[in-house]
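Worksheet: the structure to be examined is printed underneath.
The values are calculated or read from the model by the stated rules, or taken from the named source; none is laboratory data. Every value quoted in this text rests on a predicted model; they were computed, and no experiment measured them. All Cβ positions, even for glycine, are placed from backbone atoms using ideal geometry, and neighbour counts span all protein chains on display. Side chains included, ligands, DNA and RNA excluded: accessible areas come from the protein's heavy atoms. Shrake-Rupley method; radii C 1.70, N 1.55, O 1.52, S 1.80 Å.
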Amino acid sequence: MTTPLPIVDARGVHKHFGALHVLKGVDLTVAERELVFVIGPSGSGKSTLLRCLNRLEEPSSGSIVVDGIDMLDPRTDINHARQRIGMVFQSFNLYPHMTALGNVTLALRKVAGKSRAEAERLGLAALERVGLADRAGHTPGQLSGGQQQRVAIARSIALEPRVMLFDEPTSALDPELVGSVLEVMRALRESGMTMVVVSHEMGFARNAADRVVFMDDGLIVEQGPPAAIFESPAQERTRAFIGQIQRH
Amino acid sequence: MSNWDRFTDTFFNGKVMLKYLPEILWGVVTTIELAVLIVLTGLAAGLALALVRSLAIRPLNWLIIFIVDLFRSLPPLVVIVLMYFGLPYAGVSPSGFVSTWLSLAFVLMAFSEEIFWAGITSVHKGQWEAARSTGLSFGETLLNVVLPQALRLTIPPLTNRTIAITKGTALGTVVAVSEILGAASSAMSNSYNPSPLMMGAAAYLVLFLPVVVLARRLEKRFAWKR
Ligand SMILES: Nc1ncnc2c1ncn2[C@@H]1O[C@H](COP(=O)(O)OP(=O)(O)OP(=O)(O)O)[C@@H](O)[C@H]1O
Ligand SMILES: [Mg+2]
């Protein structure tokens, strides 16, 4: 029996910003259909790690293979590779001059090479999946934060990525809007999407994550099933961090 | 003759006006030609420079910044005069029309490059990241995501600057271009009467007032709501 290749296989990833050593040799593998939840104090390098995975940030050294594609090989068509890696940002980053449908169809037309009609059909289907087909004609300014984030998720899933990266997708939302986004993420997980989620939503981590990864100071300190990490962390640093966030 | 009659006879002399009307009208045509050429070439060149600058190629950007700062510091009249009287020494002799056109186009290029560039850089970094993360290339992102947002921000300063520089066509008189002001002032000295100047003023109003009003409407329409 052969073990299936991981979707994400990052090894020995280092990242320097000038004199600042932000990632100090991170190894992260994510299996197909797995949901990996990343926690850690501010500045520990969680965002930087995610951004290295789709090469929005150029790692200083290490290797990153996503869905069999060597992301750091200069011969890799990075724009083609990025289609397979969805990314959702804390601040949504929807295009304000386009409708929801326009946001979702842009890459379908320009990158995936779909005709306008085909792109709109796929775009509407993606909006349907996040429960916003009826808002297709609205611009981001006419949508709530929660709706904007769901459109952003639709923009990614429309390209049928192999893995989705979420960087604090609910941190910019009013508390009452968080649920709708988490619900979409949960449905996505149930549909079998491979996901890496940086977030502070511990409730979501407990009942949706397969694995929790704790990062501190540019390194993965500890990882394991949610119950183990939250209930009985092995490392003192993990315990201190979990204790801190649970007091809030 | 009352004072009022003397005033109208001097400044709005019907006979003089009728006589020099054709010349003033030709001046209007020349001004329009110059203005259209300056706006088209100046803005296109400014946008092109801003786009090249966004590629972030160091030595190229230094050159762009140098050219832009040069043309933003020199008074337009000096540029026109240098081109008209200076270039012949280098073996090229542009006409007054061409000198005025190119000089003001360079000046508009310089100012509009700065405005386009400010617009491009004011678009949030997250917009680039979102687009690039979906696989759009640098150029596709610039064209489809960044530029449309940047252009909206640039419309108010751009229209103001464009109008100001286009009015500079009057400087063409210095290098013997018979645009409105040139035609009016030569008519004035031939007729010993300032009425042609009044016609010139009226022509400027007729030409530029609608543009100014249109610019105001554009600014309102593109006022950006996020
Ligand atoms: N482009 C950059 N240039 C310089 N330093 C950077 C850059 N991006 C991130 N950093 C620094 O790298 C470190 C890690 O940042 P990162 O955003 O990855 O942390 P994080 O774990 O996501 O934190 P947070 O929970 O606050 O989002 C921080 O000290 C940050 O200031
Ligand atoms: Mg972060």
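Restricting the first residue to region A:220-239 and requiring it to be open to solvent by 40 Å² or more (accessible area, probe 1.4 Å), which pairs with a second residue that is part of a loop (DSSP other than H, G, I, E, B) and modelled with pLDDT of 95 or more meet a Cβ separation below 8 Å and a spacing of at least six or different chains?
A:Pro225/A:Asp210
Got a number for residues in region A:50-82 being within 20 Å of B:Val146 (Cβ to Cβ), away from ligand 1 (no atom under 16 Å from the Cβ) and not aliphatic (A, V, I, L, M)? Steps first, please.
Initially, region A:50-82 is screened for residues within 20 Å of B:Val146 (Cβ to Cβ), giving A:51, A:54-57, A:78-79, A:82.
From what's left, away from ligand 1 (no atom under 16 Å from the Cβ): A:78-79, A:82.
Remaining after also requiring not aliphatic (A, V, I, L, M): A:79, A:82.
Matching residues across region A:50-82 total 2.
Residues that are away from every other protein chain (no Cβ under 14 Å), within 16 Å of ligand 2 (Cβ to nearest atom) and within 21 Å of A:Glu160 (Cα to Cα): does region A:60-71 have at least one?
Scanning region A:60-71 turns up no residue that is away from every other protein chain (no Cβ under 14 Å), within 16 Å of ligand 2 (Cβ to nearest atom) and within 21 Å of A:Glu160 (Cα to Cα).
Out of all the residues in region A:93-111, which are among the hydrophobic types (A, V, I, L, M, F, W, C) and within 8 Å of chain B (Cβ to nearest Cβ)?
A:Leu94, A:Leu106, A:Ala107, A:Val111
Could you tell me which residue of region A:141-169 is farthest from the other protein chains (Cβ to nearest Cβ), considering only residues that are within 16 Å of ligand 2 (Cβ to nearest atom) and open to solvent by 10 Å² or more (accessible area, probe 1.4 Å)?
Applying the filter and picking the extreme gives A:Glu168.
Taking the residues in region B:102-138 that are open to solvent by less than 40 Å² (accessible area, probe 1.4 Å) and aromatic (Phe, Trp, Tyr) as candidates, determine which candidate is nearest to B:Val39 (Cα to Cα).
First pass over region B:102-138, keeping only residues open to solvent by less than 40 Å² (accessible area, probe 1.4 Å): B:103-105, B:107-113, B:115-116, B:119-120, B:123, B:126-127, B:129-131, B:133-137.
After this cut, where a residue has to be aromatic (Phe, Trp, Tyr) as well, the list is B:111, B:116.
Details: B:Phe111: 12, B:Phe116: 14 Å.
Residue satisfying both the conditions and the ranking: B:Phe111.
Tell me, please, whether a residue that is assigned to a loop (DSSP other than H, G, I, E, B) and within 16 Å of ligand 2 (Cβ to nearest atom) can be found in region A:213-234. Don't jump to the end; show me each part of the working.
Our first condition is that a residue be assigned to a loop (DSSP other than H, G, I, E, B); within region A:213-234, this holds for A:217-218, A:225, A:232-234.
So of that shortlist, the ones also within 16 Å of ligand 2 (Cβ to nearest atom) come out as A:217-218.
Yes, the conditions are met somewhere in region A:213-234.
How many of the residues in region A:203-212 are charged (D, E, K, R) and part of a strand (DSSP E or B)?
Selection size over region A:203-212: 1.
Out of the residues in region A:22-54 that are within 14 Å of another protein chain (Cβ to nearest Cβ) and open to solvent by less than 10 Å² (accessible area, probe 1.4 Å), which is nearest to ligand 2 (Cβ to nearest atom)?
A:Leu50
Need a quick list: helices (runs of 4 or more DSSP H) entirely within region A:23-135 having at least 2 residues that are under 15 Å from the mean Cα position of the chain (by Cα).
Because the criterion is at least 2 residues that are under 15 Å from the mean Cα position of the chain (by Cα), the helices (runs of 4 or more DSSP H) in region A:23-135 that meet it are A:46-53.
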